[in-house]
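Input: a single structure, listed below in structure tokens.
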Amino acid sequence: MTIDQDSNYQVDDDSSRIDVDVVWDFLSTEAYWNTWRSRHDVERQWREAWRVVGVYDGASGAMVGGARAISDGVSDAYLGDMFVIPDHRGRGLSKQLLRVMVEEGPGRDFRWMLVTSDAHGLYAQFGFGPPDERVMIRPPRNRH
């Protein structure tokens with residue numbers, strides 16, 4: 001667990017602390033991605049993830065953000081569902097979350113991938129960039 005004394009937030013990779021109600025509330029009402037998922041889908045994804053990291057308000061202990069990753073555990077990882085709830089944005093929590101997930105975790109030397117529409121600048125600070133000529137993507141089929 002990482003505790004930021006200046007901001008009074010905790011960043012923790014203890015999966016038992018993840019508040020699935022907070023995750024579901026954000027992903028079902030605030031997120032722009034994969035909104036077709038059911039609560040069951042989201043709970044399963046977070047429960048079965050290779051790694052999850054949560055951000056918690058130090059005063060109340062309430063979860064205010066998080067991210068999950070899937071991985072082969074050897075060389076590659078995918079970062080998904082990263083979020084900070086709106087009332088807690090602007091405090092550097094996304095950077096703390098990424099630092100713990102990507103740079104300080106067991107996958108720090110892996111190739112990391114993600115999909116984003118609006119946070120390219122944030123992720124670039126952690127080494128993410130455009131795909132190279134080896135990367136191919138098969139877009140999802142319409143689920144609606």
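The values are calculated or read from the model by the stated rules, or taken from the named source; none is laboratory data. Since this is a predicted model, take the numbers as computed values, not measurements. No Cβ is skipped: glycine too gets one built from the backbone with ideal geometry, and neighbour counts run over all protein chains shown.
Check MET82, MET136 and return the single one that is part of a strand (DSSP E or B) and either over 25 Å from TYR56 (Cα atoms) or of a type outside the set (Ser, Thr, Tyr) (or both).
MET82
So which of SER71, SER94, SER117, SER38 ends up being among the polar types (S, T, N, Q), modelled with pLDDT of 95 or more and surrounded by fewer than 16 Cβ atoms within 10 Å (Cβ to Cβ)?
Values: SER71 fails: surrounded by fewer than 16 Cβ atoms within 10 Å (Cβ to Cβ); SER94 fails: surrounded by fewer than 16 Cβ atoms within 10 Å (Cβ to Cβ); SER117 fails: modelled with pLDDT of 95 or more.
Being among the polar types (S, T, N, Q), modelled with pLDDT of 95 or more and surrounded by fewer than 16 Cβ atoms within 10 Å (Cβ to Cβ) holds for just one of SER71, SER94, SER117, SER38, which is SER38.
I'm told SER28 meets every condition in (1) loosely packed, with under 14 Cβ neighbours inside 10 Å; (2) on the phi > 0 side of the Ramachandran plot; (3) in contact with a helix residue (DSSP H, G or I) (Cβ under 9 Å, 6 or more places away or on another chain) except one. Can you identify the failing condition by its number?
SER28 satisfies all of (1) loosely packed, with under 14 Cβ neighbours inside 10 Å; (2) on the phi > 0 side of the Ramachandran plot; (3) in contact with a helix residue (DSSP H, G or I) (Cβ under 9 Å, 6 or more places away or on another chain) except (2).
In the range 49-68, what count of residues is obtained for those that are exposed (fewer than 13 other Cβ atoms within 10 Å of the Cβ) and under 14 Å from the mean Cα position of the chain (by Cα)?
Count: 0.
What is the residue count in the range 97-114 for residues that are surrounded by 13 or more Cβ atoms within 10 Å (Cβ to Cβ) and assigned to a strand (DSSP E or B)?
Selection size over the range 97-114: 2.
Would you mind telling me which numbered condition in (1) among the basic types (Lys, Arg); (2) in contact with a helix residue (DSSP H, G or I) (Cβ under 7 Å, 6 or more places away or on another chain); (3) without any contact (Cβ under 8 Å) to a residue 12 or more places away in the chain ARG44 fails?
(2)
Search the range 71-89 for residues being of a type in the set (Asp, Glu) and in contact with a strand residue (DSSP E or B) (Cβ under 7 Å, 6 or more places away or on another chain), and hand back the single one that is farthest from LEU114 (Cα to Cα).
ASP76
Restricting the search to the range 42-52, which residues are assigned to a helix (DSSP H, G or I) and among the charged types (D, E, K, R)?
GLU43, ARG44, ARG47
Taking the options MET63, MET82, MET113, MET101, name whichever one is under 20 Å from VAL42 (Cα atoms) and in contact with a Pro (Cβ under 9 Å, 6 or more places away or on another chain).
MET113
Taking the range 90-125, which residues are of a type in the set (A, V, I, L, M, F, W, C) and in contact with a Phe, Trp or Tyr (Cβ under 8 Å, 6 or more places away or on another chain)?
If the condition is that a residue be of a type in the set (A, V, I, L, M, F, W, C) and in contact with a Phe, Trp or Tyr (Cβ under 8 Å, 6 or more places away or on another chain), then LEU93, LEU98, VAL102, TRP112, MET113, LEU114, VAL115 are the ones that fit.
Conditions (1) in contact with a His (Cβ under 7 Å, 6 or more places away or on another chain); (2) of a type outside the set (Asp, Glu); (3) without any contact (Cβ under 8 Å) to a residue 12 or more places away in the chain; (4) not in a strand (DSSP E or B), marked per residue:
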site: TYR32; (1), (2), (3), (4): no, yes, no, yes
site: HIS40; (1), (2), (3), (4): no, yes, yes, yes
site: ALA77; (1), (2), (3), (4): no, yes, no, no
site: SER94; (1), (2), (3), (4): no, yes, no, yes
